[in-house]
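The values are calculated or read from the model by the stated rules, or taken from the named source; none is laboratory data. Here the structure is a predicted model, which means the values were calculated and not measured. FYI the Cβ positions are ideal-geometry reconstructions off the backbone, even for glycines, and counts take in every protein chain you see. SASA here: full protein model, heavy atoms, side chains in, ligands and nucleic acids out. Shrake-Rupley method; radii C 1.70, N 1.55, O 1.52, S 1.80 Å.
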Amino acid sequence: SETSRHGRRRALAWRGPKIPRVHDERPNDVWYCDFRQTNVRAYLPGTPSLVRLYLCGILDAGSRDTVFCFDFHPSAQLFKSTLRKALLAWGIPKQIWMDNGKEFLCAEISGGARREFRWRFEADEDTWSLFDKLGVAAHYCKKFNPNGKALVERFFQTFNAIERELPGWTGEHTGSTVRGRRAFARPERLKEEERLHDLFLAGEAPE
């Protein structure tokens, strides 16, 4: 009935199996990881243009502590850098939950698992994954399930609120206000920022 009323994707998100919610989780019991593109254009020495970096965050469900790293693109290398930072800060977790992105399904991370059709996975048993070596139980969230990584998604919302107060904030969309909320960055302002940035690179503007 849920499928007929709201569609299969939404029904799976609402009624599909979810990660067990344990209210007395201890630190290092469960980690959540995901990628997100930042909404601030930044200038990095050596790059001629303003760029929006990607963030990889790992959140510990027990302590709610978060570590994150930045890079130009989401990649397995960015995930490994963030994971190394988390391991050095907290130790080895019991479980880690991720989505079905290709950054988490490469052979080095998942032990040769590759996506087959929609829900099925096939793995090469001769290839040891990074998590096998660490002794961590790795899980992939169900597709189209917004509750799969709710804690790390909540962290991203908090991070977005901080971004709104920074210079170079772009917003997720350009244009006018949406439902009475603060106006998103307009294309005119973004173009003016690019013009000032070009003057700065040419030595004609102090900042």
(request) Would you be able to tell me the number of residues in region 157-194 that are modelled with pLDDT of 65 or more and among the aromatic types (Phe, Trp, Tyr)? (result) 2
(message) List pairs: first residue in region 180-207 and within 16 Å of Pro48 (Cβ to Cβ) and among the aliphatic types (A, V, I, L, M), second residue modelled with pLDDT of 80 or more and part of a helix (DSSP H, G or I) anywhere in the structure, Cβ distance under 8 angstrom, at least six positions apart or on different chains.
(response) Ala205/Leu196; Ala205/Leu199
(request) Could you list, in sequence order, all residues of region 112-133 that are under 23 Å from His73 (Cβ atoms) and modelled with pLDDT under 70? (result) Gly112, Ala113, Arg114, Arg115
(request) Report, by residue number, each residue of region 55-84 that is in a helix (DSSP H, G or I) and either among the small types (Gly, Ala, Ser) or over 18 Å from Ala138 (Cβ atoms) (or both). (result) Ala76, Ser81
(message) Can you report the number of residues in region 134-156 which are at pLDDT 85 or above and at positive phi?
(response) 1
(request) Just name the residue that is farthest from Asp29 (Cα to Cα) out of those in region 69-92 that are open to solvent by 60 Å² or more (accessible area, probe 1.4 Å) and free of Cβ contacts under 8 Å to residues at least 60 places away in the same chain. (result) Phe72
